[in-house]
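To keep things clear, I will list the structure first and then write my remarks on it.
Any read-out appearing in this document is the output of simple, stated calculations on the displayed coordinates, not a laboratory observation. As the structure is a computational prediction, the values presented were derived from the model and not from experiment. Virtual Cβ from ideal backbone geometry, glycine too; neighbours counted across all protein chains shown.
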Amino acid sequence: MIQQPKTQRLALAIALATPLTSHAADGGFIADSTATLTARNYYFSRDFRDVPAAAQSKQEEWAQGFILNFKSGYTPGPVGFGVDAIGLLGIKLDGSADRAGALGTGLMPRHTDGEPADEYSRAGAALKIRVSKTELKVGELQPNLPVLTFSDIRLLPPSYTGASVVSQEFAGLTLQGGQMRAMSHRDEAGDDAMSPWIGRRAVLAV
C-alpha cells in the first residue's frame with residue numbers, strides 16, 4: 001500500500017559531524033568521509049496507442065529529484081564506527097491522475113484520488129561497525145546483490161531497513177549475510193513490510 005507522503009524538507013543531520021569532530025585528527029571518520037549530491041530530471045512517457053483494447057493512449061509524468069549521500073570513514077581503534085546517511089527529495093514538475101493511469105508511473109506518490117503528490121522526501125541512516133575485514137551495517141541500506149537489489153530505475157532509489165554483514169577475512173572469499181524487515185519503495189516516503197510478489201500479486205507467507 002502506498003502511504004500518503006509527509007512533507008519533510010530535506011535536512012540531513014549535519015549535526016552528526018559536531019560531536020565527532022574530535023576524531024578528525026586521530027582517525028579517518030572525517031578525513032575519509034564523502035558527500036555527493038545528485039540532481040536527476042526524469043520524464044516518463046509510455047505510448048499505448050498500438051496496444052489493442054488499452055485503457056488509455058499513454059502515460060506521462062515529469063519530475064525533478066535530488067539525492068544526497070553521505071558516507072563517513074571509521075573511527076580509529078580495533079573496532080571502527082561510522083555512519084552512512086541518505087536524503088531524497090522528489091518534486092513534481094508536470095503530471096495528473098488521468099495521464100499517469102491507475103497504476104501510476106513510479107515517479108511520484110499518489111493521493112487517494114489518484115493525483116500525484118507535489119513533492120515527497122525521506123531520509124535515513126545506517127550505523128556501520130568494522131572489525132578487521134568484517135563490516136556490519138544496521139539501518140537504512142541499499143544492497144546490490146543477486147538475491148536483493150535496490151533497483152534504481154525511476155526518479156529516486158528505493159531502500160531497505162535491516163542489517164547486513166560482509167566478511168573478507170579469507171583471501172579470495174567474501175561472505176555476506178543479512179536480514180531486511182521493511183522497504184521504502186521508489187515512489188513513497190514511508191516504509192512497508194516486505195513480502196514476495198509473483199507478477200502483480202503478493203504471496204502470503206505461511
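Can you tell me what the convex hull of the Cα atoms of the range 87-153 projects to on average, as an area in nm²?
6.5 nm²
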Quiz item: Quick one: Cα centre-to-centre distance for the range 128-148 and the range 24-99, in angstrom?
Solution: 19 Å
Quiz item: For LYS133 and ARG46, FRET efficiency with R0 = 41 Å and r from the beta-carbon atoms, rounded to 0.05?
Solution: 0.35
Quiz item: What length, rounded to one decimal in nm, is gained on full extension from ALA54 through to ALA35, with 0.36 nm per residue of separation minus their alpha-carbon distance?
Solution: 2.4 nm
Exercise. May I ask you to evaluate 6.51 cos²θ - 1.76 cosθ + 1.60, the Karplus curve with θ = phi - 60°, for each residue of the range 118-125 and list the ³J(HN,Hα) values in order in whole Hz, giving x for glycine and proline?
Key: 5, 7, 7, 8, 7, 9, x, 8
Self-check item: Set of lysines near LYS92 by C-alpha distance (under 25 Å), chain-local residues within fewer than 8 positions excluded
Solution: LYS6, LYS58
Exercise. Order the peptides 153-159, 42-48, 137-143 from the highest to the lowest mean number of other Cβ atoms within 10 Å of their residues.
Key: 153-159, 137-143, 42-48
Quiz prompt | Rg over Rh [alpha-carbon atoms, Kirkwood Rh] for the range 35-174 | solution = 1.12
Quiz item: Under a plain spin-label model, where a point goes 7 Å from the Cα along Cα-to-Cβ, how far apart in nm are GLN179 and ASP192?
Solution: 2.3 nm
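Under 12 Å from the Cβ of THR174, count the other residues' Cβ atoms, weight Lys and Arg +1, Asp and Glu -1, and hand me the total. Present the calculation step by step, with values, prior to reporting the outcome.
On the way: positive: LYS133; negative: GLU135, GLU169.
Net of charged neighbours comes to -1.
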